[in-house]
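Here's the structure we're looking at; comments come further down.
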Amino acid sequence: MTTATRLYRVAGLDVSLTGTGIATIAGTTRVPTAGRRAASLTDRDARLRHITDRVRDEVGDVDLVCIEGPISYQQPGGSTWDRAGLWWRIVSGFIGRETPVAVIPPTCRALYATGSGGGRKTHVLQAAQQRYGAILPTDDEADALILRAMGLDYLGQALVTVPAKNRSGLTGCQWPTLPEVAR
């Protein structure tokens, strides 16, 4: 009698106010939203709720969510509060559902994809297309795919073998405690 290996359901999320990338076992998608910041608080809240609801619906029930960590809070921008609110709204929703969440710094995502922590989004997109044979229309979806691949690799079910240098990107992440996983 052969014991079947449990296949983990992992989602990758590249959260953005203009186009959130999502990768699941079903593939990748992008939640597009209006590029301009809404004027009123009510409109801004509706925008965040729309994105959060779409993410929840697309991701469904998974074993692990890998979300790109927030970029430096030192970076200026008019939407800093909205971006932070969206990120926390999504993370809090998964935590409330008792879904483990891993936080992946952008430099670790780039390192895993390209071998360089300073890899640009276009390089991550090219690497994702080459390594996984995926046709990805946006860098949002490429980032999400890389985040999902990192989660699966962390769980011992890598989509493909990546070079050791790239794989070192797993060490700089905030992984949740998953006692049933032998790594």
Of residues in the stretch 130-141 being out of contact with any strand residue (DSSP E or B) (no Cβ under 7 Å at 6 or more places or on another chain) and part of a helix (DSSP H, G or I), the one surrounded by the fewest Cβ atoms within 10 Å (Cβ to Cβ): 130
Go through the stretch 98-124 and count every residue that is crowded, with 18+ Cβ neighbours inside 10 Å and without any contact (Cβ under 8 Å) to a residue 12 or more places away in the chain. 1
Subset of the stretch 132-149 [of a type in the set (A, V, I, L, M, F, W, C) and more than 9 Å from the chain's Cα centre (by Cα)]: 134, 135, 136, 142, 149
Condition met for residue 127 (open to solvent by less than 30 Å² (accessible area, probe 1.4 Å), over 17 Å from residue 13 (Cα atoms), modelled with pLDDT under 90 and not in a strand (DSSP E or B)): no
Out of 170, 159, 155, I need the residue that is open to solvent by 50 Å² or more (accessible area, probe 1.4 Å), farther than 16 Å from residue 14 by Cα and out of contact with any Pro (no Cβ under 7 Å at 6 or more places or on another chain). Which one? 159
Every residue in the stretch 68-95 that is at pLDDT below 95 and among the small types (Gly, Ala, Ser), please. 69, 72, 77, 78, 79, 84, 85
Hey, among the residues in the stretch 18-33 that are among the hydrophobic types (A, V, I, L, M, F, W, C) and more than 16 Å from residue 90 (Cβ to Cβ), which one's surrounded by the fewest Cβ atoms within 10 Å (Cβ to Cβ)? 26
Is it the case, given these coordinates, that residue 127 is in contact with an Asp or Glu (Cβ under 6 Å, 6 or more places away or on another chain) and not hydroxyl-bearing (Ser, Thr, Tyr)? no
Give me the residue from the stretch 150-161 that is of a type outside the set (Gly, Ala, Ser) and under 16 Å from the mean Cα position of the chain (by Cα) and, out of that set, farthest from residue 105 (Cα to Cα). 159
Would you check if residue 141 is closer than 30 Å to residue 41 by Cα, of a type outside the set (A, V, I, L, M, F, W, C) and free of Cβ contacts under 8 Å to residues at least 60 places away in the same chain? no
Among the residues that make up the stretch 139-152, is at least one of them more than 15 Å from residue 14 (Cα to Cα) and modelled with pLDDT of 95 or more? yes
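The values are calculated or read from the model by the stated rules, or taken from the named source; none is laboratory data. For clarity, every value in this text was computed on a predicted model and none was experimentally measured. No Cβ is skipped: glycine too gets one built from the backbone with ideal geometry, and neighbour counts run over all protein chains shown. With ligands, DNA and RNA removed, areas are computed over all heavy atoms of the protein, side chains included. Shrake-Rupley method; radii C 1.70, N 1.55, O 1.52, S 1.80 Å.
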